[in-house]
1. With an 8 Å cut-off on Cα pairs and a minimum separation of 6 or more residues, tell me the relative contact order of segment 4-131 in percent.
2. With 10 angstrom as the radius, rank 6, 21 by how many other C-beta atoms surround their C-beta, starting from the fewest.
3. Sorted by mean Cβ packing within 10 Å, highest first, what order do the peptides 28-37, 52-61 take?
4. Using the count of nearby Cβ atoms within 10 Å as a rough guide to exposure, how do 62, 85 rank from fewest to most?
5. Restricting to DSSP H runs of at least four residues, report the calculated mean residue ellipticity at 222 nm for the chain, -39500 (n - 2.57) per run over all residues, nearest 500 deg cm²/dmol.
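A short reminder: the numbers here are calculations on the coordinates, not readings from a lab. Bear in mind that the values here come from a model prediction, so they are computed numbers and not experimental data. Heads up, the Cβs are rebuilt from the backbone with ideal geometry, glycines too, and the neighbour counts pull from every protein chain shown.
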């Protein structure tokens, strides 16, 4: 069975880049949907039932941390990987507090993104970059 991935980021070029990267490195992974803000991300997660969600922090309407918190309140339990431009241990701690299992800085995607996703899919946690709380 293919791993089902949802990408939530307000920048189309980032979503396209993620799809290209995953197609190259994990061709059996399926991008089941995309969303461009936190509200759309919650709705897509609820309806599409992905195995993992890549969630940006800074987005219009609802940011990624608020969206992750709302997903957890709704009982959505799939792993959430915060994927952001902010290399901040404070934000990483906040992400963990709202229920995210990982945090990767966009500038380190080539090095950490797939490793982090594999770790989350195996039931672990991954907090990379300056946010290294507990890398798996």
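1. 21
2. Result, fewest neighbours first: 21, 6.
3. Going by the mean number of other Cβ atoms within 10 Å, highest first, we get 52-61, 28-37.
4. So the ranking, lowest neighbour count to highest, is 85, 62.
5. -13000 deg cm²/dmol
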